[in-house]
Structures are given as structure tokens and as C-alpha cells.
1. Would you pick out the residues in segment A:232-270 that are in contact (Cβ under 8 Å) with a residue 24 or more places away in the chain and closer than 23 Å to A:V152 by Cβ?
2. If the requirement is being within 11 Å of chain A (Cβ to nearest Cβ) and without any contact (Cβ under 8 Å) to a residue 40 or more places away in the chain, which of these qualifies: B:N96, B:N57?
3. Among the candidates B:K44, B:K49, B:K141, B:K85, single out the residue that is under 18 Å from the mean Cα position of the chain (by Cα) and facing another protein chain (nearest Cβ under 9 Å).
4. So which strands (runs of 3 or more DSSP E) stay within segment B:1-101 end to end and still have 3 or more residues that are open to solvent by less than 20 Å² (accessible area, probe 1.4 Å) and under 20 Å from B:V197 (Cβ atoms)?
5. B:T189 is checked against (1) of a type in the set (S, T, Y); (2) away from every other protein chain (no Cβ under 14 Å); (3) within 12 Å of the chain's Cα centre (by Cα) and fails just one. What number does that condition carry?
6. Would you confirm whether or not segment B:137-157 contains a residue that is at pLDDT below 95, of a type outside the set (K, R) and more than 25 Å from A:L170 (Cα to Cα)?
7. Scan segment A:166-177 and tell me whether some residue there is open to solvent by 20 Å² or more (accessible area, probe 1.4 Å), of a type outside the set (V, I, T) and more than 25 Å from the chain's Cα centre (by Cα).
8. Of the numbered conditions (1) within 21 Å of the chain's Cα centre (by Cα); (2) at the interface with chain A (Cβ under 10 Å from one of its Cβ atoms); (3) at pLDDT 90 or above, B:A131 satisfies every one except a single condition; which is it?
Amino acid sequence: MKNDVVVGQYYPTNSVIHRLDPRTKIMSTLLYIVFLFVAKNIWGYIAALFFLSLAVIVSKVPVGYVLRGLKGVVFIVCMTLVFNLIWTPGEALLTLGPIIITRQGVMASINMAFRLLLLITGTSMMSLCTATIALTDGIEALIKKVPFLGKVSHEISMMMSIALRFIPSLTEELDRIMKAQKSRGADFESKNLVKRIKSYVPLLVPLFVSAFQRANDLAMAMEARCYKGGEGRTRLRILKYQKIDFAAYIIVALAMGCIFATRYIPFKLI
Amino acid sequence: MNKKIIELRDVSFVYDSENAPGVKALDEVSLDIYEGEFVGIVGKNGSGKSTLAKLLNALILPSSGKVFVGGMDSADPQYTTDIRKVCSMVFQNPDNQMVATIVEEDTAFGPENLGLAPDKIRRRVDESLKAVGMYDFKDKKPHQLSGGQKQRVAIAGVIAMHPQCIVFDESTAMLDPAGRADLINIMHTLNSEGVTVIFITHYMEEIVGASRIIVMGDGKIIGDGTPREIFSNPKWLEENRLSVPEIVALSTALREGGLDIPPGILSEDELVEALCRLK
């Protein structure tokens, strides 16, 4: 069933991480991403992996669930590996016809693979532990602090939450249109790639038409409920930092410090 | 008589689309609706009933004539928000009127727009969801609900704004019979609590319990009276392509067949009683 599409793949448990303010989680994830790029050697990644595992254990989200997020990106990771392996110039280790594999290439691809895998697992940890609604609230509150963007923070978060709201509806719609066209002989499973892509074009037109119709209806319904944009609008939930958030920030800062320190570990593992 | 809540004075509305320029959806309609009424509006497609609904909410403005809601002129932009506070609206498609990703957030949308304090919003959300029997679903996502449930959430979102009047614009059209019955029950409950209900529909059966029925045809009001008055003339209804509720049709047929049954029977109970009186 396409009905149970999960957006943002939230996995509810009652862990400390789940109870953190969404802003704390978003900021920590951002910091974590930055420090993945600050890390220079394998020690840095090991440290990052250690802290990430710690977070996974505390969050009570099953490990299999966390790793499932990687399934979709295996292909991209492999591609990056191959490209880095082939196209990094340097000291040759192995020559296979025209392909030269260099020591630097091996290092670069190992680094890249670690970085990507840690990055994706880290961000999917955030979305596993944060309900979509909290996520958009958090993003809105954070954008408000950014100069230039602050003024449109409400609009941005409203667009995000409407997009999230309508993804399941549009998926359902697409499914219905596909079935309708299949019943009239459309072929979506052709082996011929060009043919298959072409068969998707007639799906897009009705899907767009219906999306616009929905947008129109929704705009009308929002107006009828006195929507006038972000000005003078209050919220049901107001984000408020708790003690655990400060604690979390301190822990994250320490962890990042550790990752930074690994830059100065002199001995190499590989 | 109660206070007027809605007043239409010679209202016309002209749709200007490329395909059909200058189609008159409403033609000099005048109408008063009083506080506490339950008004059913029926009419075939294109009779102007949905246009009428949107005028009551300042979603569209009349091409000529005046619409007053709670005494405020809808053409005056300074009143737009206040008009929408007085008179709110539930639409046809249950899928396309939910804004938020979670039920309670959606209910909170209206009060949030009104700028109420968070604790007040919380109170209103809880009481509105309880009023429509959706409190247990407050953490659900819209696509996990049935059409009827979504429509109930839409009503909760509207009553959380405490309007004096709610317009239901064919809100039952896309629901199954059970969902429809639920919705109509909620409308009657709201009405008994003092909310003016304006219910636009295709189905005559649904407005048998209304206090007043308005029949629209070609942009004009062609009938206005109590259900008893409107349904006592089935021929006229058929001429205007409106169905007659089953009970009404049955009792008319029986009367025409020679049984001595009084005209204007609306419910099963009334028919049973009339039949029992026969000797």
C-alpha cells in the first residue's frame, strides 16, 4: 500500500533525545555535519561513530531501523567510492589497463565513504527522533534568527508543513491516476527505458492539474479560517529550552571537541 | 424574532472566465437569515448556491448589491477578518481543507490566526475536538483518517474559532452514508447550542430537519419556507429537478392513490401515525 508513506520516518520512543527541543537536535546535527568535514583522519570518524552510536543507544531506536536509512544511498556511496578511486591522481598502487588506482585515491574514497555514511546516519537519526511538526517548528524558530531570512521564516515553515501534509495525498492521487491509465492499457513496466519514461508524461499532467486544484481549495479554506500570514499569529505550542537541552548542548560541544582533537593524533591507522 | 445575522440586498455575482464571459451566478438576490436558524439551501448544479456560500464569508465580493454579515459590509476590507470570525465555513472536499500535518495542529490553525494565547488555544482545541468526537484522534495524521473523520476535524477547526454562524458548502457530498449522518447530527447539535447553520446540499433528505429551506434556481431564490411548505408541493420540486425525500414521495403517492393522508408529511413517524389513523 502506498497509503502508509512515512514522511520524515519518525520513530516514537520516549527517550531523552526525543524529548529534546527540536532546535537542539537540528543545531546538534548541523554541528555534527560540520565536524565530519573538520575531521581529517580515520580517528575523527571513529570518534564520530562512537558518539553517534551513543546517541542511537540513548534514543532507543532499533539499530536496524537506523541503518535502514542507508539502503537508499548505497548506490550513491558506491559511485563516489569508484569515482574517487579512479580519478584521484597520485602515487600508483595498482594499474589495471587504463585505470590507475592510487594511494591517495584509496585514502580519499575511504574518507568519503565514512563521511557519507556517518552524515546520512546522523541526519536520519535526527528525523527518527523528531516528529515532523516539531521539525518544522524548530526550523521556523531557527530561521527567524538568520538575517534576511528572518522576515519570511513563517512563510518558509508554512510551505514546508503544507508540502509534508500533501505528500501522502499526492502519492495517493498518483497511484489512482496510474491505476486508471493502466486499466486503459497504459504500460508502466516496459523494459524499454525511453518508453517507460515516456509513459510517465501522461501521469504528470493530471497530477499537476489536481495539485493546483488542491492548492486553490486549500488557499480558500485557509482564508476562511482567518489566515493572514504570519503577522499577529500565535502558536499552540511554544518552543522552550529545558534543562536537558542545555545539558545536550554541553555534551555535543564536548563531543565536537573530541572530534576536533583527533586532527592532532599523529599516528596513522592506515 | 431574533437578530439578523446575514443580510443580502440585491446581490448579483458575475463570473468572468475565458470560456464563459459574464455568466450571472447570482441575480439580484435578497435574503435575511436570523440568529439560531438552521437553513438548508438546495438547488441543482449551477443554481448559484455555492457562490452564495462564498459571499457569506467574504471569500468573494458581490458584483453589485451588498452583503452584511453581523451588520458588517463584506465589501469593506477592514471587516474581512471580523466577518470570517462571525461566519465560518466548512467546504466540500475533506482532503483539501486540512492545513497541518496533525489533527490537533489543524484544529489550532484558526485560533492561532486569531492571535489567541497558547493556553486559550489549547482549551479551545480540546473542547472542539471533544465536541465532534475526535479527541482520541488528536495526534493522528490526516491521511490516517476516513473522509467523515476528516470532515469532523474540519468542523472542529471551525468551531474552535467560536463563530456565530457556520456555512456547510456541500460538506456531505463526498462522504459515505454513515459519515453523512454523523455530520448532520453534529450540525443539529451545534444549532441547538445557538449556532446559526447554513447547509448547502444536493440531497433533500438531509435538510428535512432544517427550520427553513431555500430553493435556488438559475441564480435566484425560487422557494423559501419551512420543510413542510416546500415538500408539500412535490410536483413543483420535480419541475425544478429536485428530488423529494422518500417518505414525502411515498406519502404523496399514497394520497394520490386515494388514501386520506394529510399533505406535508416529513418523517417516518408522522406517516406511521397518519396511516394508523386511517379506518
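1. Across segment A:232-270, the qualifying residues are A:R233, A:R235, A:R237, A:L239.
2. Numbers: B:N57 fails: without any contact (Cβ under 8 Å) to a residue 40 or more places away in the chain.
Only one candidate passes the filter, namely B:N96.
3. Values: B:K44 fails: facing another protein chain (nearest Cβ under 9 Å); B:K49 fails: facing another protein chain (nearest Cβ under 9 Å); B:K141 fails: under 18 Å from the mean Cα position of the chain (by Cα).
Going through B:K44, B:K49, B:K141, B:K85 in turn, just one is under 18 Å from the mean Cα position of the chain (by Cα) and facing another protein chain (nearest Cβ under 9 Å): B:K85.
4. Working: elements: B:4-15, B:23-34, B:38-43, B:64-69, B:87-90.
The strands (runs of 3 or more DSSP E) meeting that bar are B:4-15, B:23-34, B:38-43, B:87-90.
5. (3)
6. no
7. The answer is yes; a qualifying residue exists.
8. That leaves (2) as the condition not met.
The values are calculated or read from the model by the stated rules, or taken from the named source; none is laboratory data. Since the model is a prediction, treat every value here as computed from it, not as a measurement. So basically every Cβ, Gly included, is an ideal-geometry build from the backbone, and we count neighbours across all protein chains shown. Note: areas computed on protein heavy atoms with side chains; ligands, DNA, RNA excluded. Shrake-Rupley method; radii C 1.70, N 1.55, O 1.52, S 1.80 Å.
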